[in-house]
1. Of the residues in the stretch A:21-45, how many are facing another protein chain (nearest Cβ under 9 Å) and outside any helix (DSSP H, G or I)?
2. Report the residue count in the stretch A:447-485 for those that are free of Cβ contacts under 8 Å to residues at least 12 places away in the same chain and more than 41 Å from the chain's Cα centre (by Cα).
3. State whether one or more residues within the stretch A:92-100 are over 40 Å from the mean Cα position of the chain (by Cα), within 14 Å of chain B (Cβ to nearest Cβ), within 24 Å of residue A:173 (Cα to Cα) and assigned to a helix (DSSP H, G or I).
4. Quick one: is residue A:49 at the interface with chain B (Cβ under 9 Å from one of its Cβ atoms), surrounded by 19 or more Cβ atoms within 10 Å (Cβ to Cβ) and more than 43 Å from the chain's Cα centre (by Cα)?
5. Can you tell me how many residues within the stretch A:486-521 are assigned to a helix (DSSP H, G or I) and over 36 Å from the mean Cα position of the chain (by Cα)?
6. Would you mind telling me which numbered condition in (1) more than 23 Å from residue B:143 (Cβ to Cβ); (2) facing another protein chain (nearest Cβ under 9 Å); (3) at pLDDT 75 or above residue B:43 fails?
7. Since residue A:44 meets every condition but one in (1) surrounded by fewer than 20 Cβ atoms within 10 Å (Cβ to Cβ); (2) more than 20 Å from residue B:130 (Cα to Cα), which condition does it not meet?
8. Condition first: at pLDDT 90 or above, assigned to a loop (DSSP other than H, G, I, E, B) and within 13 Å of chain B (Cβ to nearest Cβ). Can you find one or more residues in the stretch A:331-348 that meet it?
Amino acid sequence: VLFVKFFTMNSIFIFELKAELNSDKKEKKKEAVKKVIASMTVGKDVSALFPDVVNCMQTDNLELKKLVYLYLMNYAKSQPDMAIMAVNTFVKDCEDPNPLIRALAVRTMGCIRVDKITEYLCEPLRKCLKDEDPYVRKTAAVCVAKLHDINAQLVEDQGFLDTLKDLISDSNPMVVANAVAALSEIAESHPNSNLLDLNPQTINKLLTALNECTEWGQIFILDCLANYTPRDDRESQSICERVTPRLSHANSAVVLSAVKVLMKFMEMLPKDLDYYGTLLKKLAPPLVTLLSAEPELQYVALRNINLIVQRRPEILKHEMKVFFVKYNDPIYVKLEKLDIMIRLASQANIAQVLAELKEYATEVDVDFVRKAVRAIGRCAIKVEQSAERCVSTLLDLIQTKVNYVVQEAIVVIKDIFRKYPNKYESVIATLCENLDSLDEPEARAAMIWIVGEYAERIDNADELLESFLEGFHDESTQVQLQLLTGIVKLFLKKPTETQELVQQVLSLATQDSDNPDLRDRGYIYWRLLSTDPVAAKEVVLAEKPLISEETDLIEPTLLEELICHIGTLASVYHKPPSAFVEGSRGVQHKRLPGSAGSGESVESPEPASAAVPEASPSIIPSQGDLLGDLLNLDLTPPTSTAAPPPTSGLQMGAMDLLGGGLDSLVRPSSHSCPGILHCFSPIPLSSYFLGGDLGGNPVSMGAGFGAPASAMPPSFSAPASGGLDDLFDLGGGVGMPTGAYTPPKTMWLPAMKGKGLEISGTFARRSGVIQMEMTLTNKAMSVMTDFAIQFNRNSFGLAPAGPLQVLTPLSPNQSIEVSLPLNTLGPIMKMDPLNNLQVAVKNNIDVFYFSCQYPMSVLFSEDGKMESKVFLVTWKDIPNDNETQCQIKDCHLNSDAASNKLQGSNVFTIAKRTVEGQDMLYQSLKLTNGIWVLAELKVQTGSPVFTVSISTKVPVS
Amino acid sequence: MIGGLFIYNHKGEVLISRVYRDDIGYVAQRSFMVTSCIKPATLFNVNLFVCRRNAVDAFRVNVIHARQQVRSPVTNIARTSFFHVKRSNIWLAAVTKQNVNAAMVFEFLYKMCDVMTAYFGKISEENIKNNFVLIYELLDEILDFGYPQNSETGALKTFITQQGIKGQTKEEQSQITSQVTGQIGWRREGIKYRRNELFLDVLESVNLLMSPQGQVLSAHVSGRVVMKSYLSGMPECKFGMNDKIVIDKQGKGGDLYAFCCSGKQSIAIDDCTFHQCVRLSKFDSERSISFIPPDGEYELMRYRTTKDIILPFRVIPLVREVGRTKLEVKVVIKSNFKPSLLAQKIEVRIPTPLNTSGVQVICMKGKAKYKASENAIVWKIKRMAGMKESQISAEIELLPTNDKKKWARPPISMNFEVPFAPSGLKVRYLKVFESKLNYSDHDVIKWVRYIGRSGIYETRC
C-alpha cells in the first residue's frame, strides 16, 4: 500500500512539474526548475523530466540557464542519449557574445561525463582556450583537465596539452594559475612524461604570476614550484628570495606551500651561506602564527611542524612555549602539541616542559594523560640532566593510584632503567606495590622485565614471578615471552631456589603452547641451560646495548618524501601518497634535491633479480632460469619490498654473513624467526645490530623483549642461525619445515581494476601439491560474496583442483587468505611467456580478469631424482645443441648448501665431483608433464659465480 | 583536488551535495541499489546522483553519528578522505580520494562559510534550505573541478545575485570578467562617495597562561587591523605603525616622530600576515604596507606579539581543601593600566568540582553566582578603573564520593574589554593617494579606535 502511495504521489508531482516546465511564463519556468533541483538534492528521482528541463536551456536568462546546467550535470550520465540533445545549445553558448555565458558553457560541458559528448566538446574548447576574455580562458584551462580525466587519449591527440603549456605564458595571472593546476594534475597520471617542462624561463613566469594571482592560484603555483629542482645553489637562493614574501600571506595554505618550497630548496644551499641562516630565522614566525588559526588548520599545521622539527630541529628550538596545551584546545590539537613538545625538549627548557607535562597528567582525557605520562619518560631518556626529576615526577604520579597512569608510568620507567642502568633501582619497591593493579599486557610485561632484570635485588622475585605463572595461558604473547625470559634470568641469578619454577615455565612454554615463538624460545633456553649453563649466562645475562634517545622518529627516506608533500594529506597522515591514493596518481616518489650527505639514501632499491624467467619459445624452460631463479632470488635479501637500503657498515657485514647463512631454513617460517632471534640478541654480534640498526622504539630493543616482527630487517636471521646449526636441527622438528622456494606475494589485481577487490598472491609447492596462495582484500564499501575462479588454457595444463573456498562474505576492509590446490590436468596451450597464466575471478559484483606468472619451480615433481646410470646415459645422449649455459652471480653458497637448498625445490643432486678446486654437481629434475631436465653446476670454491649447463632431450630452439 | 562537497544538518541529513569528481563514492554497486530497494524511501535512488550517497553515508555513520568525540578533523574511510568543519550545528564536509593540499581544503571550507554568511547571514539549516539554488550557483563558480577559484565576495556579488542580472551592456560584462580574473580582484572600478571616509579598528586579543604563583607561563597578543573604507576611485593607501624595525631604521634617518618614539615606544612584532590586497614583496623588501583597499569592511592585517605585553588584569587565586567535603576559594583581581581608563564587561569564571553540593559567595564588587550547569562560579563586574583591586571569596561544599579520579582543577579564566591595545601598537598614519580624482589625503576623514579583549586568559589554581 505504501509503495503505491509513494508512486502515485511522485507521479502526480512529476506531472505537475512537467506542465510548469512547459509554461510560457519565464518566472513560472524558473520556479519549476528550482523545484526540480530541490527534489534532486533530497534524493528524489526527477530524471523523467529530462527532455522538459533541457527544453528550458535555450534562454537568455543566465540564472535559469545555470539551473538547467546543474540538472544536466547530475543526470546526463544516466541518460547519455538524451544528453546529446543538449549539445547544440552548448556549442551555441560557446559562441555567445557574453563571456560569462561562454565560460559557463565550457565549464558545464566538461562536467558532463558522457563519452559521446566529448567529441563535440573539442572544437568549442579549442576556441575557448584562445578566447579574448581571460575569464573564459581560465575556465577552459580547467576544462582540459576534466576532458583528460574522461578521455586522456583524446586530449593528447587534439593537441590540447600544447595549448595548455602555452597558457603558462598568458598575460593574465589567473589563467596561468589554472593552467598550472591542470597541467600538474595531468602530469601526475603520466609519471614519466615531461609534461610540466620546468625550466628557468617558465619558473620565472610562474614567480611573476605568483605576485599577482588570487590566494588559490598562489597555492597552485607554489605546489608546482615545489616539483622543480634548481640547477645550482644560486638559482635555488634566488627562487627562495622570491618565495619568502608569501610567508606573510593571510591564507595558511599559501604559507605552508611556501614553507614546502623553502624546505626543499634549502637542501641545496651551502650551510655556511649567510642567507641560509637568514632563511632559517624567517621560517619560525609564520609557523608559529599558524597556531592561531582555526583548530582544523592548527591540526594540519602541527602535523607538518612535526615533520619540519624532525628534519630541521633548529628552526623552532626556541619556540617551545607556543606548543603548550591550552585547556580548551580540541583533543586532536592537544595530542599533536604534546608530540612536538617532546621533540623540542632540551636541557635549556626541560624544567618548564616537565612542569607542563605534570599538569597534563591530571587532565581528563585518558589518551592525553597516557601520552603525557609517556612523554615524561621520554624526557628522562632524552635529557640526561632531567632524568632524576622525571623519575620523581613519575613516582608522584604512581602515588595517585589512577590505574592507567600507574601502568603507563611503569612502562616508561622500564625504558629509563634501560637507558640509565644501576641508577634508579631504588624505586623498584614502589613499583612492586602496584603489581596487582596492572591489567594491560604492556605494563605487565614491563613489570616482569624489571623483576627479572633485577631479580638479585628483589628478595621475593620468585614469588612475584610465580604469581604471574598461574594464569600463564591467559596472558598475551608479549607477557608470556617476557615471563619465560624473566624466570630464566631469575634462575641464572638464583639457581638454588628456583629450579622448580624454571622447569615449570619451560614445560608450559614448550609443551602446552601452540605459539611457535614461545615454543622456540622455550626450546632454546632449555637446550642452553641443559648443555652449558655458563654459556647460557653469557647469553641471557649479557650486557644490553643502550637505547637511543629519540623515539618515534619517522624513517629518514619517508621523512624526506613527506617534506616534499608539506601541506598535503600525506603530511597529515604521515604516509606516502601511494598508501592512500589509488591508481597511478601519487605513485611517483618525491625526494629532496641532493646535497652533501643526503640524497643517496633515497635511491630506491634495485629489484632483487629478474623475478620472472625469460620467455622461451619452447615448452622446455631454457637458460639458467630454473636454477638461477632458485639460487639467486632466494639468497638476495628481499630488497624488492620496502626494506631500506643498507646505510651503515655494520649492516653490510650482516649481509655478507647472510650469504653463507642458512636462511633458507629460517625464511619459510618467517613468523617464528623473531622469537629465536630474540633469545640470542644478547650475543655481542647481534646486539650490535640491535644498536646499530633499530633506531626505533626503545621498548623493542631489550634483550628478549618482544619486538614487532615487521621492524626487523630480514637480514637479522643470518647471524643468529650461522653458528647454531645443531640448535636448528633440534628446532627443525618443532615447526620449521625445509620448504621449497616460494616467491613473495605480488599484486595481481589492483583494487582499481577489481571494483574494490584486490588480489595479491603467489604459487608454492607444498607436499607435492601446487598451491595458488592468494590474499583477497575488499577495499570497496559493500560486502563481497560468491567467489569463483577459472583459468584459461596454459602451457602446463594448470587447473584448479577444487572450487575457490571463500566461505564467509568478505566485508569492507577485510582481507582473507585463500589457498587453492591446483592440478596439471587442464587443457594445454602454449603461452607467451611460457609460465603465463590467465585467470578469471568472479564475485557478486563482476568478473575480473588478470594474468600472472608462476615460478617454474612449482612444476618440479618429487620423483625427479634420476638413477645415476640413467643419468649418465641420458647426459651423453643429448645432442650438444640442446645444451645451454649460463652463470649465476653473487651466490655465496658452498656446493653442499646449494645442493641442499635445491633439493628443497625438487632439484636433485645425482652425483658430485671435485676437479681442481671446482665442485661439479650433476642434477636432475622432472617437470609435471614428464619432461626431464638435466643440469651441471660448477662451483668454484670461494667464488660467488656458479656456472650452469642445462640440457634436455627435447631440442632447445 | 576536492572531489565533492556536502553540507549536512545535525541529524546527518544532506542539505547540499555537489560532486565534482567521479572517483568519490563510486563504489556504489548495483547490489547496493538492489538491496536498498526494500525501503521505499530509497526506492528512487536508482540514479547516479544518489549513488554518490555512499560516500555521504559513510561520513554520516563514521563522524556525525559517531559516539566518541571527534578525534581528528580529517577522517579516512575506505580510502576516501573527509575534511570537515562545523558551524553551529551544520557540518561542511569536503571529500577527496587524492593527495590534496589539506591546508587549502580547510581554508576553502572557511572561505565558503564566509561567502555564505556574506550572502544570507547566519549559517543555519533554514537559511541553507532557503538559499540552496544560490549555494549551488556559488559552488559552481568558486570551485571548478575541485579547484578553488576567485572567492572574494566583493567580486562575486557583481554577477551572482538572487535578483538575476538584467540587461548588461558589453562593457559591464567585460568589466565583471576582468575584475574576477584581474590583478585587483577585490575592488571594482568606478566607486564614488561624496564623503571620503575610513575607519580603522585595532582589535587585539590578549592571551595569558599564568601559574598559581603568578609566573607568566605564556603570553601573547594576537591582533587584527580591521578597516572600513568608503573611498572613491582606486585609491593607493599606505599604512604605518610603531613597528620597531621601521622606527629604528627611520630614527637613524632623521624622522622626528620616529626619533621621539624609538626605544620603548615602538613594539616588536613577531609575525604578521596581510590581506591579499597588500603588496607582500614590498613589505618583504621595505617593510612598508601599501595597498589598494577593498570597498567596505575587511581585515587588513593580523599580527602577533609576545614582548612587553601590558597584562590588563592579574588574577591571584587561593584554593584550600578543608577536609574531604569542603573547599575554600579566594580570588583577587588587580587592574593594571592607567587609572583614567575603564575596563568593561569583566567576567571571572572559577571552576568548581563536579560533586559540588552548595556554594556560598561573598564579593566586594559586581555580582557573583554559582552556575551548577556550568560547574563554575561566575563573577561579573560591569566596569573597573585602572590600578584598582577587587576580591571574591567562596566556600564550596562537596558531596563525599569514592571516585578515585582527582578533580582536574581547570584554570580560572577571565573575560574583559579595555580601550587600549595591550601590545602597545599605535597607528602612525594611513595615507590615501588617488591621482585621478580630485581629492587629497587631507580631505579623507579618518577614525582610529583601539579595543583590547581577553583571548584565553587563564590562571592555574
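The values are calculated or read from the model by the stated rules, or taken from the named source; none is laboratory data. What you see is a predicted model; the values in this text were computed from it and never measured. Note: ideal-geometry Cβ built from the backbone for every residue, glycine included; neighbour counts use all protein chains shown.
1. Adding up the residues that qualify gives 4.
2. If we filter the stretch A:447-485 for residues that are free of Cβ contacts under 8 Å to residues at least 12 places away in the same chain, which is where we start, we get A:459-460, A:463, A:470-471, A:474.
Narrowing further to those that are more than 41 Å from the chain's Cα centre (by Cα): A:459-460, A:463.
Count: 3.
3. yes
4. Working: at the interface with chain B (Cβ under 9 Å from one of its Cβ atoms): no; surrounded by 19 or more Cβ atoms within 10 Å (Cβ to Cβ): yes; more than 43 Å from the chain's Cα centre (by Cα): yes.
Here the answer is no, as residue A:49 does not meet what is asked.
5. Taking the stretch A:486-521 as the starting set, the residues that turn out to be assigned to a helix (DSSP H, G or I) are A:486-493, A:499-510, A:516-521.
Subset that is over 36 Å from the mean Cα position of the chain (by Cα): A:487-493, A:499-508.
Looking only at that region, the number is 17.
6. Residue B:43 satisfies every listed condition except (3).
7. Against the list (1) surrounded by fewer than 20 Cβ atoms within 10 Å (Cβ to Cβ); (2) more than 20 Å from residue B:130 (Cα to Cα), residue A:44 comes up short only on (2).
8. Within the stretch A:331-348, not a single residue is at pLDDT 90 or above, assigned to a loop (DSSP other than H, G, I, E, B) and within 13 Å of chain B (Cβ to nearest Cβ).
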